[in-house]
Amino acid sequence: MGGIIAILKTPVAMLKYIFGFFIFVHGLIHFMGFAKAFNYGNITALTKEIAKPAGVAWLVAAFLFAAAAILFLFKKDSWSIIAVVAVILSQLMIITSWRDAKFGTIANIIIVLAAVPAMAAMYFNTMVNKEVQTMFARVAYTSNYVITNDRLTDLPPVVKKWLTHSGVVGKQSINIIRLKQKGLLKLKPDAKWIPFKACEYFTVEDPAFVWKAEVSMMPLITLYARDMLKDGEGALLIKAVALVPVAKGSNSDKINSATVIRYLSEICWFPAAALSNYIKWETVDSRSAKATMSYKGHTVSGIFTFNEAGDLISFMANRYYGSGEDATLEKWLITVTGYKEFSGIRIPYKNTVTWKLKTGDFTWADIEVTEMEFNKPVLYQ
């Protein structure tokens, strides 16, 4: 009971319960129209006579609002669709009894202002989920071989040490990865940190990823973002409250290059991908190696640097900063701040991401991987 009380005390949870109750009560009020039409009780609040077909419509609206409230409280995405249908039917009935029921319009406006963005978010998530499923369908989700020391023969010594230390030797090769993230982002160097949560899916045999994130700009304002690599082409889409496009770009030389570099940097979360035939390694010094990734006509490279134990400590590359043709090539640095094992693989699960700009360093992301699973082609719910 104490846990339930603690949850209910949180402001966001309280608002959700209040809003769900508001929808339910608004629905109950619609029973008055049904009762008036069928002469149940003395409904004095409605002075105009209501025909029985209209009374049935009031009843249907009441049940729709009740269903929407229940689905909302149980966090089912379909609540928004039912709520919009209920609002449309409700408003038609209100118009027919305008003098008595006009204030119900205010409640309908409040509900639709919440339901429309929720419905947009549902369609955004459905779009991204289809993209992930298409990506999964292009590859086999399991691999037929176990990684042995023989596979490491031609790698620079520091990369061999990294793969051995990370625990990939003796394990099945990885072809599909899914993970969850949380963290903080800055949209501009002088901006405040804002929280985000994300999930990301990768394939290795056919290098691709889909990243879906929700960025909490402020109460009631969430950015929905999707970044994707497919066939060597990048695609970015960001929408405010899942409705208003904020940023969009795809399949330009600069976007493609930046997206492929992102994939190269993120193999640190699934080190076995370092053995892929589209990545070539060169020794830089005893602690660093250069990785060059060539795929679908795009070639990028970056420097992986390790500590004495064989843990990755940073990744540096030249990456396009900004969007469109105005994007400039800048130094891009990922710094590892923590390590953790997932399914027996040691990865750098905490990282900061910094642009080394001419005007000074801009650390724009602080990321933590909270969940990770391998060779499991299943969408997060």
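The values are calculated or read from the model by the stated rules, or taken from the named source; none is laboratory data. Note that the structure is a prediction, hence the values are computed from the model and not measured. Every residue, glycine as well, gets a Cβ built from its backbone with ideal geometry; the counts of neighbours run over all protein chains shown.
I'm checking my understanding of the structure. Among residues of the stretch 125-184 that are of a type in the set (D, E) and in the same structural domain as I238 (by TED's automatic domain parsing), which one is farthest from I367 (Cα to Cα)? Across the stretch 125-184, the extreme among qualifying residues is D150.
Restricted to the stretch 319-337, and to residues that are touching a Phe, Trp or Tyr at 6+ places or on another chain (Cβ under 7 Å) and within 25 Å of P156 (Cβ to Cβ), which residue is surrounded by the fewest Cβ atoms within 10 Å (Cβ to Cβ)? My answer is W332. As a summary of the residue check, N307 satisfies the conditions (1) out of contact with any helix residue (DSSP H, G or I) (no Cβ under 9 Å at 6 or more places or on another chain); (2) under 16 Å from V260 (Cα atoms) except for the one numbered (2). Do we have any residue at all in the stretch 347-358 that's assigned to a helix (DSSP H, G or I) and at pLDDT below 95? No, because not a single residue in the stretch 347-358 is assigned to a helix (DSSP H, G or I) and at pLDDT below 95. Within the stretch 219-230, being closer than 11 Å to V241 by Cβ and modelled with pLDDT under 85 holds for one residue alone: L220. Scanning the stretch 68-112 for residues that are touching a Leu at 6+ places or on another chain (Cβ under 9 Å), assigned to a helix (DSSP H, G or I) and modelled with pLDDT under 95 gives D100, A101.
Does at least one position in the stretch 18-33 carry a residue that is without any contact (Cβ under 8 Å) to a residue 24 or more places away in the chain and either surrounded by 17 or more Cβ atoms within 10 Å (Cβ to Cβ) or among the basic types (K, R) (or both)? Talk me through it step by step, then tell me what you get.
Filtering the stretch 18-33 for residues without any contact (Cβ under 8 Å) to a residue 24 or more places away in the chain gives 18, 25.
Then keep just the ones that are either surrounded by 17 or more Cβ atoms within 10 Å (Cβ to Cβ) or among the basic types (K, R) (or both); that gives none.
Checked the stretch 18-33: no residue is without any contact (Cβ under 8 Å) to a residue 24 or more places away in the chain and either surrounded by 17 or more Cβ atoms within 10 Å (Cβ to Cβ) or among the basic types (K, R) (or both).
Whether any residue in the stretch 314-337 is under 24 Å from the mean Cα position of the chain (by Cα), in contact (Cβ under 8 Å) with a residue 40 or more places away in the chain and at positive phi is what I want to check. Yes, there is a match, as at least one residue in the stretch 314-337 is under 24 Å from the mean Cα position of the chain (by Cα), in contact (Cβ under 8 Å) with a residue 40 or more places away in the chain and at positive phi. Just one of the listed residues (E214, E233) is over 17 Å from the mean Cα position of the chain (by Cα) and of a type outside the set (G, A, S), and it is E233. Restricting E205, E233 to those that are among the acidic types (D, E) and either at pLDDT 95 or above or touching a helix residue (DSSP H, G or I) at 6+ places or on another chain (Cβ under 6 Å) (or both) reduces the list to E233.
Residues that are farther than 15 Å from H165 by Cβ and acidic (D, E) number at least 2 in the following strands (runs of 3 or more DSSP E) confined to the stretch 258-327: 279-285.
Conditions (1) touching a Cys at 6+ places or on another chain (Cβ under 8 Å); (2) surrounded by fewer than 17 Cβ atoms within 10 Å (Cβ to Cβ); (3) at pLDDT 95 or above, marked per residue:
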residue: V244; (1), (2), (3): no, yes, no
residue: N251; (1), (2), (3): no, yes, no
residue: P271; (1), (2), (3): no, no, yes
residue: S301; (1), (2), (3): no, yes, yes
residue: A309; (1), (2), (3): no, yes, yes
